[in-house]
1. Roughly how many debye, to the nearest 20, is the charge dipole of the chain about its Cα centre, given +1 on each Lys and Arg Cβ, -1 on each Asp and Glu Cβ, and no other charges?
2. PRE reach from E198 (point 7 Å along Cα→Cβ): which of segment 216-239 fall under 13 Å by backbone N?
3. Could you sort out which of K99/K222; K91/K132; K4/K99; K99/K254; K4/K108; K108/K222 sit more than 29 Å apart by Cα distance in this structure?
4. How much FRET efficiency would the formula 1/(1 + (r/R0)^6) give for F74 and N154, where r is the Cβ-Cβ distance and R0 is 45 Å, rounded to 0.05?
5. Only helical DSSP H runs with n ≥ 4 go in: add -39500 (n - 2.57) per run for the chain, normalise by residue count and round the 222 nm mean residue ellipticity to 500 deg cm²/dmol.
6. Report the local net charge at V66: Lys and Arg +1, Asp and Glu -1, summed over other residues whose C-beta lies under 9 Å from its C-beta.
7. Determine the gain in length on full extension of the stretch R164-T191; use 0.36 nm per residue of separation and subtract their C-alpha separation, reporting nm with one decimal.
8. Which distance in nm do the two modelled labels at S139 and S212 give, with both placed 7 Å along the Cα-to-Cβ direction?
Amino acid sequence: MLSKRIIPCLDVRDGKTTKGIRFKGNVDIGDPVEMGRYYYEEGADEIVLYDITASSEGRDIMIDVVSRVAESIFIPFSVGGGIRSLEDMRKVLLAGAEKVSVNSAAIKNPDIISQGAEAFGSQCIVVGMDVKHVEPSASVPSGYEMVINGGRSNTGLDAVAWARRAEALGAGEICLNSIDADGTLNGYELTLTALISENVSIPVIASGGAGSIDHIYDALTKGKADAALVASIVHYNTYAIPGIKEMLHARGVKVRMRW
């Protein structure tokens, strides 16, 4: 069995790490370079950085921030936001990231997934999924709809169908974020997480809502996720990464420990 991963998430706006609730009310909380280095030293398995306004503003990702974070950490580093082409992927990878995350651009142009997988390998391509719960319909039979542009635009696309298609196109991993749970500290959306995990064979990262060790444990067990993205609970020092891992280990979850 592969170890479960704990992955701090740095949402970046205007060069600063920021945090909001359900993609709204964001406040700046720190420097992404300093925070990335701190989480690396704490024992994070990976770091994820999202330029959260690049897509909605129609601009390129902040490569200088990506480069400075990459220089300060020595663990896998995934970057997303404003990646719309193969050349954008190349720039991010050359800046020091190991993975690129495509979300809005992949729905608008699914070929970017297959093009990226062919050029750089599936292991480099993460498909980010921002999902909200809706009434089931003919187009969204699962009751979970994909949204894009930082949660601002509905797509009418079923999340399960999209996850399957993303895998078929060559995605190596899915980062699954529930907009309903995002930033609430009330726990991950376990029904959604399990649904996607059961319908694809690639790793699924649970994202959105972690407020306690129980929430992380549930995402990795009941939700069947391969990794848990954490933000508020580590940004605001509710828990430290070593403590999270120690408590998960004590409950029988295989994690990478620093003994």
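Bear in mind these aren't lab numbers, they're just calculated from the coordinates by the rules spelled out. Quick caveat, the model's predicted, so the values are computed rather than measured. Here the Cβ is made from the backbone with ideal geometry for all residues, glycine too, and neighbour counts use every protein chain on show.
1. Numbers: 26 positive and 33 negative charges, 61 e Å.
Dipole of the chain, to the nearest 20 debye: 300 debye.
2. 222-225
3. Working: K99/K222 27 Å; K91/K132 31 Å; K4/K99 18 Å; K99/K254 23 Å; K4/K108 31 Å; K108/K222 32 Å.
Pairs exceeding the cut-off: K91/K132; K4/K108; K108/K222.
4. On the way: r = 40 Å, r/R0 = 0.88.
Using R0 = 45 Å, I get an efficiency of 0.70.
5. Numbers: 11 runs with 93 residues, N = 259.
After summing the helix terms and dividing by the residues of the chain, the value is -10000 deg cm²/dmol.
6. Details: positive: R68, K91; negative: D51, D64.
Taking every Cβ under 9 Å from that of V66, the sum is 0.
7. Stretched fully, the R164-T191 segment lengthens by 8.0 nm.
8. So the label points at S139 and S212 sit 3.9 nm apart.
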